[in-house]
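In what follows, a structure is listed as C-alpha cells, so that the remarks can point back to it.
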Number of protein chains: 2
Amino acid sequence: MRKPYLLFLGEATHFSQAKTAFGLRDWAPESCVGQWSLPGCAVTLELAEMNPAQAAAKGAGSLLIGIAPVGGRVSESWIPSLFAGIEAGLDIVSGMHTSLADIPGLADAAKARGVRLVDVRRPPENLPTGTGRKRSGKRLLTVGTDCALGKKYTALALTKALRDRGVDADFRASGQTGILIAGSGIPMDAVVADFTAGAAECLSPDAAPAHWDIVEGQGSLFHPAYAGVTLGLVHGSQPDAMVLCHDPYRTHIIAAPDFPTPSLKVAIKQYEEAAQLTNPDARVVGISFNTSALSDAERSKLFADTESELGLPCFDPLKTSMTAVVDRMLA
Amino acid sequence: MRKPYLLFLGEATHFSQAKTAFGLRDWAPESCVGQWSLPGCAVTLELAEMNPAQAAAKGAGSLLIGIAPVGGRVSESWIPSLFAGIEAGLDIVSGMHTSLADIPGLADAAKARGVRLVDVRRPPENLPTGTGRKRSGKRLLTVGTDCALGKKYTALALTKALRDRGVDADFRASGQTGILIAGSGIPMDAVVADFTAGAAECLSPDAAPAHWDIVEGQGSLFHPAYAGVTLGLVHGSQPDAMVLCHDPYRTHIIAAPDFPTPSLKVAIKQYEEAAQLTNPDARVVGISFNTSALSDAERSKLFADTESELGLPCFDPLKTSMTAVVDRMLA
C-alpha cells in the first residue's frame with residue numbers, strides 16, 4: 001500500500017458509517033494525511049480537510065475509501081471522487097465488496113495515470129471447509145450485541161494490553177479496516193458462505209501453547225443480515241475466551257429498527273452456547289462498553305451495576321483499564 | 001439443460017457422497033438415461049451402467065456430475081471422465097464450487113466439440129443484504145441434526161403432499177441438486193457470506209397469504225463447517241414452520257467424528273431460538289426420519305416413542321403418510 005492515505009468520507013452522516021476512516025485514524029495515525037468529505041457529510045475525523053490534489057501536494061500516496069456502508073457497495077455518488085483521486089496521481093484503496101476494476105472506466109484511467117487500484121476485501125483462493133479440529137494455542141474472539149460498536153477496537157486494545165504484560169499475542173483481522181491496520185487478515189464477510197468457518201480456522205492457526213490470538217469479531221448473532229458470518233467465525237475461531245462488546249445507548253440493531261438489541265445476559269448465553277460446539281470451554285470473560293456518550297459517574301455506575309449482575313469485569317477500551325479482563329483471560 | 005443425463009458417480013464409496021445423482025434419479029427419473037462409475041465406486045443407482053459414448057448413442061444430452069464431496073471441488077481423478085464426456089458430444093453439467101471453465105483445457109475441448117459447460121452453483125449477481133422485513137405468505141423450512149439426511153427429499157415430498165391437498169405451494173431449491181430438479185433456485189452455500197440471509201429473503205419472496213413456500217434446508221446448526229450457511233438461511237427464510245430431519249443411526253456429524261449429533265430436543269430448541277429472531281412464531285411442526293435401515297416394527301416404535309416424548313408428528317417422506325404433519329402446518 002502506498003502511504004500516507006487521504007481518507008475519503010463521502011456523504012457519511014453518522015460516525016458508524018465511517019468505521020474504516022476512524023479505525024485508520026485511531027490505530028495508524030502516522031498513515032493518515034487528511035480527510036476529504038462530499039457536501040452533506042456530517043462526520044469529521046478532525047484531520048485537515050483537503051482534496052486529492054492538495055493531498056498529493058502534501059505527499060499522499062493513496063485515496064482510501066473510509067466509509068463502510070451496509071452491503072459494501074461503491075455508491076454512484078463517490079465515483080467522480082475516485083476519478084479525481086486518480087487524476088491527482090493517487091492509488092485508490094478500497095475495502096468494498098464492489099471490485100474497483102468493475103467501475104466502468106476506472107481501470108483504464110488508473111492505467112493511463114500510472115496508479116493502482118487496490119481491493120483489500122478479496123479473500124485468499126482455495127480456502128478449505130472447516131474441520132472443527134482442535135488447534136494449539138489460546139484464542140480470544142470479540143463478539144457483539146450488534147455491528148459497529150467496538151469489536152475491532154476492543155481486539156486491538158486487548159492485543160496491546162497483553163503485549164504490555166509480556167504475553168505473546170497477535171491481532172487477527174477479519175474485516176477490511178482491521179486488515180488495513182494490521183497489514184494482513186481475511187475479510188470474513190467476503191468469503192463464500194460454505195468456507196466461512198474454514199477461513200476462520202486459517203485465520204488463527206496452530207500456535208505455541210501460551211500464545212494468544214486476539215480475533216476481531218464480525219457482525220452479531222442478533223443481526224438479521226449478518227448472523228451467519230458471525231456464527232461461522234465463532235465456530236472456526238474456537239475461542240477459549242470471548243469479550244462481549246455493547247453500546248448502552250443502542251436500543252435496536254443498526255439499520256434494522258424492528259430488531260431490539262438483546263440483553264447482555266441473553267447475548268452471553270447465546271454466544272457461549274454457539275462457541276461451545278467447537279470449544280466446550282468457551283466462556284465470555286468480560287464486557288467491553290462503548291461509553292463515549294456517558295459521564296465518568298454514569299460509566300462508573302454502569303460498570304458497577306453490570307459487574308454485580310453478571311460477575312464479569314467491564315471496561316471501555318478507549319477510556320479505562322483492562323487489567324481485570326486480562327487477569328481473567330490469563331487465569 | 002440438455003437432457004437426458006448420464007449420471008457420473010466417480011469413485012463414491014457411500015450413497016451420501018452421491019446425493020446429486022440419487023436426487024435426480026428419485027425426483028426427475030425421466031431425465032436420467034444411465035449411470036457411469038469409476039473403478040472403486042461402491043455406490044449404485046440401479047440404472048444401466050454405461051460410458052459417455054454408449055450414453056450418447058442412447059440419446060443422452062449431458063454428463064452430469066452426480067457426486068457432492070465435502071468442499072464441492074472437482075477431483076483430479078474425474079477430469080479424464082469430463083474430457084471423455086465432451087469427446088462423446090455431451091454437455092457437462094456441474095454443481096461444484098470449482099467452475100468447469102477453470103479446469104485447464106476443458107473449455108477449449110468443449111468449444112472444439114461444440115458442447116457446453118454448465119455450472120449451476122453460480123448465485124445471482126447483486127444479491128442484497130438481509131433486511132429482516134416480514135414478508136407475506138407462509139413458509140416452511142426443512143432443517144437437520146446434520147447434513148445429508150433428507151432435507152431436500154422432505155421438502156420435495158411436503159410440496160407434493162400440499163399440492164395433493166389443493167394447497168398452493170412451491171418448492172424453493174437452495175442447493176445444486178434441488179436446482180437441477182426444480183429448474184430454479186439459489187445455491188445458498190456459494191453466496192458470499194455477507195449476503196446469505198439476503199439471498200434467502202430473495203428465494204421466498206412476498207406471496208399470497210395462503211401460499212406456502214417449502215424451502216430446502218442446508219447444512220446444520222450443529223456442523224462445525226456449515227452452521228453459518230444454515231443460520232443465514234434460517235434467518236432469511238423467516239419460517240412459520242420447520243420440519244426437523246434426522247437419521248436415527250447417525251451418531252456423529254458426517255465427516256466430523258468428534259461432533260456428536262444433538263438430541264432432537266436440543267435441536268428443536270436451538271432451531272426455534274434461531275428462527276424466532278426474524279419470525280417470533282416459528283415452530284418445529286414435525287420430525288422427518290430417514291428410516292431406510294429400520295424394519296416396519298422398529299419404525300413404528302421409533303415414531304410412537306418420539307411422538308410421545310416431543311408431541312410432534314413423525315414421518316418418513318419416502319415410506320409413510322404425511323397427513324399429520326400437513327394437518328399441523330395448515331392448522
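Readers should treat all values here as calculations from the given coordinates under stated rules, not as data from a laboratory. Because the structure is a prediction, the values reported are computed rather than measured. Reconstructed Cβ throughout: ideal geometry from the backbone, glycine too, with neighbour counts over all protein chains shown.
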(request) For the range A:106-118, just list the computed ³J(HN,Hα) in residue order, Karplus coefficients 6.51, -1.76 and 1.60, θ = phi - 60°, integers in Hz, with x standing in for Gly and Pro. (result) 5, 5, 5, 4, 5, 4, 4, 8, x, 10, 10, 9, 10
(request) In debye, nearest 20, what is the charge dipole magnitude of the protein assembly as shown about its Cα centre with +1 on Lys and Arg Cβ and -1 on Asp and Glu Cβ, if you could check? (result) 460
(request) Take A:D102, project a point 7 Å from its Cα along the Cβ direction, then tell me which residues of the range A:168-197 have their backbone nitrogen under 17 Å from it. (result) A:176, A:187-193
(message) Please list, ordered by chain and number, the residues whose modelled amide H lies under 5 Å from the amide H of B:D170; skip anything fewer than 5 residues away on the same chain.
(response) B:W212, B:D213, B:I214
(request) Determine, for A:Y249, B:Y153, B:Y271, B:Y226, the number of other Cβ atoms within 10 Å of each Cβ, and report the residues in order from fewest to most. (result) A:Y249, B:Y153, B:Y271, B:Y226
(message) For B:K111, give me every one of the lysines with a C-alpha distance below 28 angstrom, ignoring sequence neighbours fewer than eight places off in its own chain.
(response) B:K3, B:K58
(message) In whole Hz and in residue order, list the ³J(HN,Hα) couplings for the range B:263-278 that follow from phi through the Karplus curve 6.51 cos²θ - 1.76 cosθ + 1.60, θ = phi - 60°; x for Gly and Pro.
(response) 5, 4, 4, 5, 5, 4, 4, 6, 5, 5, 4, 5, 5, 5, 4, 9
(message) Just to confirm a number: summing +1 for Lys and Arg and -1 for Asp and Glu over residues other than A:A227 whose beta-carbon lies under 13 angstrom from that of A:A227, what do you get?
(response) -4
(message) Can you tell me which lysines have their Cα less than 25 Å from the Cα of B:K151? Leave out same-chain residues fewer than eight positions away.
(response) B:K19, B:K134, B:K138, B:K160, B:K265, B:K269, B:K301, B:K319
(request) Find the relative contact order for chain B and round it to a whole percent, using C-alpha pairs within less than 8 Å whose residues are 6+ positions apart. (result) 14
(request) May I ask you to list the trypsin sites (Lys or Arg not before Pro) in the range A:107-209 that are in a DSSP loop and have at most 11 other Cβ atoms within 10 Å of their Cβ? (result) A:K134
(request) Grab the beta carbon distance between B:A57 and A:R116, set R0 = 56 Å, and tell me the FRET efficiency rounded to 0.05. (result) 0.55
(request) Could you run the Karplus curve 6.51 cos²θ - 1.76 cosθ + 1.60 with θ = phi - 60° over the range B:296-309 and give me ³J(HN,Hα) per residue in whole Hz, x for Gly and Pro? (result) 4, 5, 4, 5, 4, 5, 4, 5, 5, 4, 5, 4, 6, 6
(message) Can you list residues from other chains, or at least 5 along the same chain, whose modelled amide H is less than 5 Å from the amide H of A:L221?
(response) A:G144
(message) Within 15 Å, Cβ to Cβ, of B:E216, how many net charges do the neighbouring residues add up to if Lys/Arg are +1 and Asp/Glu are -1?
(response) +3
(message) Between the range B:262-286 and the range B:151-201, what is the separation of their alpha carbon centroids in Å?
(response) 19
(request) Provide the gained length on full extension for the span A:E49 to A:H252, in nm with one decimal, where the gain is 0.36 nm per separating residue minus the Cα-Cα distance. (result) 69.8 nm
(request) Enter the angle in degrees (range 0 to 90, nearest 10) between the Cα long axis of helix A:227-237 and the first principal axis of the Cα atoms of chain A, meaning the one along which they spread out most. (result) 70
(message) Quick check: the distance between the Cα centres of the range B:202-220 and the range B:9-44, to the nearest angstrom?
(response) 28
(message) With +1 on the Cβ of every Lys and Arg and -1 on the Cβ of every Asp and Glu, and nothing else charged, how large is the dipole of the range B:138-330 about its Cα centre, in debye rounded to the nearest 20?
(response) 280
(request) Express in nm, to one decimal, how much length is gained between B:E30 and B:R73 on full extension, taking 0.36 nm for each residue of separation and deducting their alpha carbon distance. (result) 12.7 nm
(request) Place the label 7 angstrom along Cα→C-beta at B:Q276 and in each other copy, then list the distances from the first to the rest in nm, shortest first. (result) 1.8
(request) Tell me the distances, shortest first, between A:A107 and the same position across the other copies, using label points 7 Å along Cα→Cβ, in nm to one decimal. (result) 1.3
(request) Exposed loop GluC sites (Glu not before Pro) only (DSSP loop, at most 15 other Cβ atoms within 10 Å): please give the longest stretch of chain B free of them, not including the sites. (result) B:126-331
(request) Quick one: with label points 7 Å out along Cα→Cβ, list the inter-copy distances for B:N51 in nm, shortest first? (result) 7.1
